[in-house]
Structure formats: C-alpha cells, structure tokens
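Undergrad: Quick one: this structure, given as structure tokens, is what I'll be asking you about.
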Amino acid sequence: MTQHDHPTEDDRSLVGVPDGFDRLWTPHRMAYVTGERPSDEAGDGCPFCVAPDKGDAEGLIVHRGETCFVVMNLFPYNAGHVLVCPYRHVSLYIDLTDEETLEFTALTKAAIRALQASSNPHGFNLGMNQGAVAGAGVAAHLHQHVIPRWGGDMNFLPIVAQTKALPILLEDARAALAAAWPDAGS
C-alpha cells in the first residue's frame, strides 16, 4: 500500500489549492449536452432537415443554395453565429458529393463576407465537429459553424450569471445577414 491509497492529513490540506489550471464552469450547458439528439435518420427530429421546410424568417434561414443552406444557430456563441448545412441528411464531410462540397465552401465564404458587411467582426471561428465525441450537438446532420468574433467579446456573464449577452435578436441578425448576402457571382 502506498501513501496515496488512503488520503493523509497532508493530502487533505491541498484541497482548494490552485493547480495552475483555469476552469470555465458552465453547468447550465448540461441540459444541451445531455438532451435528446436527432437520430441518424432524416426527418422531424433533425432541426437541419426541418428548417428548410419553413419560411426564411420562421426557419431562421439566411440563404438558400442549390444543395446547401445557411441558418442562424439557435444556441449562438456570438451574435451572427451561423451554420452552413447541406440539405441532404449526411453526418460526415466526406459524405458530401463534389457538388455539395463546392457549394458548402462557397456558402462558408459568402457567410464570412455577409458578416463582415453587416457587423464588421475582428475575426472568425470556423469549424465542424464530426461525431458526438467531437462535440457535435447534432452529429447526424453535417453543419459548419461560422462564428464572428470581436476583441473582448467574451466576458464574465456566462460564468457568473449563466447568461450570454447577445446585442441583436436572432431574427434581426438573420435579416441583416440576408440583406448583406453577396451576389451569387462573388
């Protein structure tokens, strides 16, 4: 038996002593993390299959392409956070056809241009989480995040007050992005 098999008085004295790691505690996100997820099948359980069947304002659609579309994120990290999605219910980037891949990329670039024109961010986070283990909230339907960033856009509110300050309503952000959407030839 080693000294670490049973806590000693010295071990207990270390409780609460900083270990050099900063931690961001967000327990309010557990409802999202552990909530029900759409199945691998397309249909009513998938928000990215349902959104295109609605009107643009109701479905929060920013732009519709031939094989892909852009939609506002219902759980945005920042104002203007959009998702680029194929209409087809596929889970992995490698499952896209060549035509879908081209439009997926073109719409990502167009989303950045529209965000630059509508809200002048200082930078962007782009990303796809492939599979639930990689952090995909809706792993069954591929989507790419386009998140505008500004210097100082993260603050204490999400940690202390479990609140994210978003200076614009989703509907207003969608309308501004749709109005700023670049021409198809851009």
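The values are calculated or read from the model by the stated rules, or taken from the named source; none is laboratory data. Fair warning: this is a prediction, and the values are worked out from it, not measured in the lab. Every residue, glycine among them, receives a Cβ derived from its backbone with ideal geometry; neighbour counts consider all protein chains shown. All accessible areas refer to the heavy atoms of the entire protein, side chains included, with ligands and DNA or RNA removed. Shrake-Rupley method; radii C 1.70, N 1.55, O 1.52, S 1.80 Å.
Undergrad: Quick check: is even one residue across segment 63-74 touching a residue at least 60 places away in the same chain (Cβ under 8 Å), within 18 Å of residue 178 (Cα to Cα), open to solvent by 70 Å² or more (accessible area, probe 1.4 Å) and not charged (D, E, K, R)?
TA: Yes, some residue in segment 63-74 is touching a residue at least 60 places away in the same chain (Cβ under 8 Å), within 18 Å of residue 178 (Cα to Cα), open to solvent by 70 Å² or more (accessible area, probe 1.4 Å) and not charged (D, E, K, R).
Undergrad: Oh, and also: Just to verify a result, which residue in segment 158-174, among those that are out of contact with any Pro (no Cβ under 9 Å at 6 or more places or on another chain) and assigned to a loop (DSSP other than H, G, I, E, B), is modelled with the highest pLDDT?
TA: 169
Undergrad: Right, here's the next one. Could you list, in sequence order, the residues of segment 80-109 that are of a type outside the set (Val, Ile, Thr) and touching a strand residue (DSSP E or B) at 6+ places or on another chain (Cβ under 7 Å)?
TA: Of everything in segment 80-109, those that are of a type outside the set (Val, Ile, Thr) and touching a strand residue (DSSP E or B) at 6+ places or on another chain (Cβ under 7 Å) turn out to be 80, 81, 83, 85, 86, 87, 96, 100, 103, 104, 107.
Undergrad: Looking for whichever is touching a residue at least 24 places away in the same chain (Cβ under 8 Å), out of contact with any helix residue (DSSP H, G or I) (no Cβ under 8 Å at 6 or more places or on another chain), within 22 Å of residue 170 (Cβ to Cβ) and among the small types (Gly, Ala, Ser) here; the options are 110, 106, 114, 140. Which one fits?
TA: 110
Undergrad: Now for a different question. Need the failing condition index for residue 24 against (1) open to solvent by 80 Å² or more (accessible area, probe 1.4 Å); (2) assigned to a loop (DSSP other than H, G, I, E, B); (3) modelled with pLDDT of 70 or more, just the number.
TA: (3)
Undergrad: Let me ask something else about it. If you go through segment 78-124, how many residues are of a type in the set (S, T, N, Q), open to solvent by 60 Å² or more (accessible area, probe 1.4 Å) and either assigned to a helix (DSSP H, G or I) or in contact with a Gly (Cβ under 7 Å, 6 or more places away or on another chain) (or both)?
TA: Looking only at that region, the number is 2.
Undergrad: Scan segment 129-153 for residues that are part of a loop (DSSP other than H, G, I, E, B), of a type outside the set (Phe, Trp, Tyr) and open to solvent by 60 Å² or more (accessible area, probe 1.4 Å) and jot them down.
TA: 129, 130, 151, 152
Undergrad: Can you name every residue in segment 111-139 that is polar (S, T, N, Q) and on the phi > 0 side of the Ramachandran plot? Write out each step before concluding.
TA: Filtering segment 111-139 down to residues polar (S, T, N, Q) leaves 116, 118-120, 125, 129-130.
120, the sole residue that qualifies.
Undergrad: Tell me which residues, restricted to segment 41-77, are of a type in the set (A, V, I, L, M) and part of a loop (DSSP other than H, G, I, E, B).
TA: 42, 60, 74
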